[in-house]
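Undergrad: So that we are looking at the same thing, I have put the structure below in structure tokens.
The values are calculated or read from the model by the stated rules, or taken from the named source; none is laboratory data. Nothing here was measured: the structure is a model prediction, and the numbers come from that model. When we count neighbours, we look across all protein chains shown, and the Cβ atoms used for this are built from the backbone with ideal geometry, even at glycine.
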Amino acid sequence: MFWKRVVSALVGIPLIVLAVWHGGIPLLFLTGLIIVLGSKEMMELLARLGLKPSLWLALIGGFILTGGAYLYNNGYPGPTITIVLFLHLTSTVLFYPVYSLQDAAGTLIGTLYLGLLNYCYLLRTLPDGWIWLIFMLAGTWAGDTAAYFVGKTFGKIKIAPVLSPKKTLEGTIGGILGSLLVGYLFVLLYSFLDPLKMLVLGLLLGMTAGLGDLLESSFKRQAGVKDSSKLIPGHGGILDRFDSAMFTAPLVYYFVRLFIIS
């Protein structure tokens, strides 16, 4: 399992770094592709809960949100959220009684949840966006990796035994320290960064990454599955690999806009 994770990382990380380096359309395309694949996984999880989610509505909503991220550079514009909401509510009328309000609610939540990945693209549009996107990815993955190894080695105190039995307090602290370390390293690499703000951001990133991981665990626990899919060898599915980034990307985006470049 460990070597599968390593091989997948050696293949996937260079592709992601290349898209991040180019930015623009290549990064937008990669983000959209991840959202499409993740939407399929999310709809399958919802189907296991007894709902009848609409994959095509989720995909249309995802394209609208990604299009909004491309057309505007100030985060998600209100109109895109409104259009997606209107689309789902109208569908409960057009397809009644086959498509219920509960089905629409599940599909809408899945659409907005996966849509958070568009903040990866939006991060790249900020001044020095290359730095901020790499920081978010490195801080998130370092936190996940540190949490895994620290928890596996020293973990004893369970923090969510029902939701995620393997999550421990020691692993959580290790993950936060991993993200803090990335913040410190970026201060050393880029002297114009404020040390205090970067350490605060690293701390928040580590905490938020753990929360994103627990949220996806709750989805899988309710659906009765171990992984969201087997798309990525050693990692599971898109949701398993990018669950933390869906929380950390918007966090870093708005922190940078509010406290660093404002």
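Undergrad: Looking at segment 209-248 only, could you name the residues that are in a loop (DSSP other than H, G, I, E, B), buried (at least 16 other Cβ atoms within 10 Å of the Cβ) and touching an Asp or Glu at 6+ places or on another chain (Cβ under 6 Å)?
TA: Answer for segment 209-248, where residues must be in a loop (DSSP other than H, G, I, E, B), buried (at least 16 other Cβ atoms within 10 Å of the Cβ) and touching an Asp or Glu at 6+ places or on another chain (Cβ under 6 Å): Ser228, Ser229, Gly237, Asp243, Ser244.
Undergrad: Here is a follow-up. Do we find a residue being exposed (fewer than 15 other Cβ atoms within 10 Å of the Cβ) and of a type in the set (Val, Ile, Thr) anywhere in segment 253-262?
TA: Restricting attention to segment 253-262, the residues satisfying the condition of being exposed (fewer than 15 other Cβ atoms within 10 Å of the Cβ) are 254, 258-259, 261-262.
This time we only want the ones that are of a type in the set (Val, Ile, Thr), so: 261.
Yes, because at least one residue in segment 253-262 is exposed (fewer than 15 other Cβ atoms within 10 Å of the Cβ) and of a type in the set (Val, Ile, Thr).
Undergrad: Can you tell me which of Gly106, Gly110, Gly78 is over 23 Å from Leu133 (Cβ atoms) and modelled with pLDDT under 90?
TA: Exactly one of Gly106, Gly110, Gly78 is over 23 Å from Leu133 (Cβ atoms) and modelled with pLDDT under 90, namely Gly78.
Undergrad: Tell me which residues, restricted to segment 196-232, are in contact with a Phe, Trp or Tyr (Cβ under 8 Å, 6 or more places away or on another chain) and of a type outside the set (Val, Ile, Thr).
TA: Residues satisfying the conditions are Lys197, Met198, Leu199, Leu201, Gly202, Leu204, Ala209, Leu211, Gly212, Leu215, Ser228.
Undergrad: I'm trying to understand the selection: among the residues of segment 20-30, which are surrounded by fewer than 22 Cβ atoms within 10 Å (Cβ to Cβ) and part of a helix (DSSP H, G or I)?
TA: Those that are surrounded by fewer than 22 Cβ atoms within 10 Å (Cβ to Cβ) and part of a helix (DSSP H, G or I): Val20, Trp21, His22, Gly24, Ile25, Pro26, Leu28, Phe29, Leu30.
Undergrad: Determine, yes or no, whether Leu251 is under 25 Å from Leu51 (Cβ atoms) and assigned to a helix (DSSP H, G or I).
TA: no
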